[in-house]
Structures are given as structure tokens and as C-alpha cells.
Amino acid sequence: NVTCSVMAGESVGLIGPNGAGKTTLVRTILGLVSPTSGQVRLWGTDVAHLPVDRKSRIGFLLDEPGLYGELTVHENLTFWGRAYNADEGRISDLLKAWNLWDDRDTLEKNLSAGNRQKLGIVRALLPDPPLLILDEPTSNLDPMVRLQVVNELQTLCREGRTLVVTSHDLFDVQRLCPRLLLLRRGSLVADGTMDDLQRHLGVG
């Protein structure tokens with residue numbers, strides 16, 4: 001029971017309590033889960049038939065970030081960089097932009113939770129994707145690291161990327177996304193700005 005469209009360059013937050021269906025919706029958008037009915041279209045094409053060159057233009061972060069504990073930060077990005085045809089310059093620029101340069105020779109398993117999350121986002125950014133989908137990018141982070149992550153994501157929004165972010169934390173997501181989609185029990189119950197949602201729900 002979710003019907004919506006997201007325009008190029010738009011930043012959209014998927015919000016709702018745990019179990020609302022946010023992660024399932026994201027996995028469906030990515031083609032990792034088949035919809036029980038209806039379809040998901042990316043760039044006008046059913047995601048089930050999206051060609052590889054289009055799939056590689058989607059950056060995504062899920063609860064399992066696809067990182068390897070026995071590899072260093074730099075080795076992880078070199079591995080994924082080959083998959084996305086990202087060169088060494090792109091890797092170095094991202095490490096510096098996300099304050100991971102000094103940890104480039106640290107094993108992933110020895111990173112703090114905050115730096116591990118930032119590394120997962122950097123991995124998603126390797127292909128310089130026009131579409132970025134992040135599932136709970138600020139969860140389980142201390143306040144200072146959360147602020148850093150939100151600030152960096154705001155920069156990505158200003159670059160004109162299409163951003164879809166899931167969260168159950170309104171404070172973080174409303175700083176990133178002018179438009180919010182509220183999910184409850186697998187259904188879309190509200191779509192609009194924070195003011196729209198407050199009016200729809202009758203809350204202050």
C-alpha cells in the first residue's frame with residue numbers, strides 16, 4: 001500500500017516506527033525484494049529489468065554495509081572501487097572529505113561505530129551516484145558523529161543528488177529532507193513537509 005514518486009534531485013525521508021516497513025520498501029526499490037503487487041520503476045524502467053550500468057549508478061547503505069573486518073579501510077574501498085570503476089583519486093578524496101584519511105590503514109573491525117558507519121556511506125558514494133539510498137545512516141551513533149554525518153549528507157543534497165533516507169529519528173531526517181513519507185504497518189499514511197504531517201496527524 002505504498003504509491004509515490006520521487007523526482008530527480010529530491011531529498012525524501014522515509015519515517016516510521018520500527019516494523020513500519022521502511023527497510024522492506026528500500027530493499028524493494030533496490031530490487032532485492034520482489035513486490036507482492038505493483039512495480040518499482042527507476043529512470044522509467046522496472047527495477048527487475050534495470051540494466052547493470054544503471055544499477056551501478058545507485059549508491060546504497062543497508063544494515064549490513066558490505067565491509068570486511070580483516071581488510072583495512074583503504075583495502076575495503078579499493079575492493080569496492082574496482083567493482084564500481086572508481087579510481088584511487090576518488091577514494092582519497094572521499095576518505096579526506098569524511099575524515100577517514102588518518103584511519104586508512106586501520107582494519108575495519110577495529111574502527112569505532114561512527115567511523116564504520118561513515119565508511120559504509122563512503123562505499124556507497126564510490127560510483128558518484130545520482131541516486132543515494134541510505135537505511136538508518138545515523139542510527140547508533142554518538143551525538144558528535146551524528147552531527148558530522150548529517151552535515152556531510154546535507155552537502156550531498158546540495159550537489160543535486162536524489163536522496164532517500166530512512167529513519168525513526170525526526171530530528172535528523174527533517175534536517176536532510178524537506179519531504180517526508182510516513183509509513184505505518186506497511187502503508188503510506190502521510191506524504192509532505194513536516195508542517196503537512198503535523199496538520200495531517202493533528203499534532204503540534
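The values are calculated or read from the model by the stated rules, or taken from the named source; none is laboratory data. Being a predicted model, the structure only gives us computed values, none of them experimental. Ideal geometry is used to build each Cβ from the backbone, glycine not excepted, and the neighbour counts take in all protein chains shown. Heavy atoms of the whole protein, side chains included, go into the accessibility calculation; ligands, DNA and RNA do not. Shrake-Rupley method; radii C 1.70, N 1.55, O 1.52, S 1.80 Å.
Counting only DSSP beta bridges with both residues in the stretch 75-193, what percent are antiparallel, rounded to the nearest 5?
Restricted to the stretch 75-193, the bridges split so that about 50 percent are antiparallel.
Could you pull the accessible area for Val6 with a 1.4 Å probe, rounded to 10 Å²?
Approximately 60 Å² of Val6 is accessible to the 1.4 Å probe.
Roughly what % of DSSP beta bridges within the chain run antiparallel, to the nearest 5?
30 percent
Taking the stretch 159-196, which trypsin sites (Lys or Arg not before Pro) meet the DSSP loop condition and have no more than 10 other C-beta atoms within 10 Å?
Within the stretch 159-196, no trypsin sites (Lys or Arg not before Pro) qualify (loop, at most 10 other Cβ atoms within 10 Å).
Based on the alpha carbons, how large is the Rg to Rh ratio for the chain when Rh follows Kirkwood?
0.97
Treating only the Cβ of Lys, Arg, Asp and Glu as charged (+1, +1, -1, -1), what charge dipole size does the chain show about its Cα centre? Round to the nearest 20 debye.
That gives a dipole near 540 debye.
Would you pull out the residues with amide H under 5 Å of Phe60's amide H, same chain only if 5 or more places away, H placed 1.01 Å from N?
Amide H neighbours of Phe60, under 5 Å, 5+ apart: Ile133.
Between Arg41 and Ser112, what length comes free when the chain is fully extended (0.36 nm per residue of separation minus the Cα-Cα distance, one decimal in nm)?
Here the segment from Arg41 to Ser112 would lengthen by 21.9 nm.
Per the helix-only calculation at 222 nm, which mean residue ellipticity applies to the chain, given -39500 (n - 2.57) for every DSSP H run of n ≥ 4 and division by its residues, nearest 500 deg cm²/dmol?
Result for the chain, helices only: -11000 deg cm²/dmol.
Using the Cβ atoms and a cut-off under 15 Å, what net charge is assigned to the surroundings of Gly44, where Lys and Arg are +1 and Asp and Glu are -1?
Computed value for this residue: +2.
Which of Pro51, Pro178, Pro130 moves most in a GNM of the chain, Cα contacts under 10 Å?
Pro51
Please list 34-43, 109-118 highest first by mean number of surrounding beta-carbon atoms within 10 Å per residue.
Packing order, densest peptide first, comes out as 109-118, 34-43.
Between Glu75 and Val52, what is 0.36 nm times their sequence separation minus the Cα-Cα distance? Round to one decimal in nm.
Going from the current span to full extension adds 5.9 nm.
Probe of 1.4 angstrom, ligands and nucleic acids ignored: what's the accessible area per residue over the chain, in square angstrom?
Per-residue value: 53 Å².
Checking the cross-link filter: which lysines have an alpha carbon closer than 24 Å to that of Lys109, excluding same-chain neighbours under 8 positions apart?
Result set, ordered by chain and number: Lys96, Lys118.
Just the number, please: carbon plus sulfur as a percent of the accessible area of the stretch 21-118, 1.4 Å probe, no ligands or DNA/RNA counted.
Using a 1.4 Å probe with all protein chains present, the stretch 21-118 comes out at 48 percent carbon and sulfur.
State the answer as a single residue: which of Ser92, Val40, Ile133 lies farthest towards the positive end of the charge dipole of the chain, with beta carbon charges of +1 for Lys and Arg and -1 for Asp and Glu, about the Cα centre.
Among Ser92, Val40, Ile133, the one farthest towards the positive end of the dipole of the chain is Val40.
Could you work out how far the C-alpha centroid of the stretch 91-161 sits from that of the stretch 73-87, in angstrom?
15 Å
Thr72's amide H: which non-local residues (gap 5+, or another chain) put their own amide H closer than 5 Å, with H modeled 1.01 Å from N in plane and none for Pro or chain starts?
For Thr72, whose amide H was placed from the backbone, the distant partners under 5 Å are Glu108.
Can you work out ³J(HN,Hα) from phi for every residue in the stretch 52-59, in order, using Karplus 6.51 cos²θ - 1.76 cosθ + 1.60 and θ = phi - 60°, giving whole Hz and x for Gly and Pro?
With coefficients 6.51, -1.76 and 1.60, one gets 4, 5, 7, 4, 6, 9, 10, x Hz.
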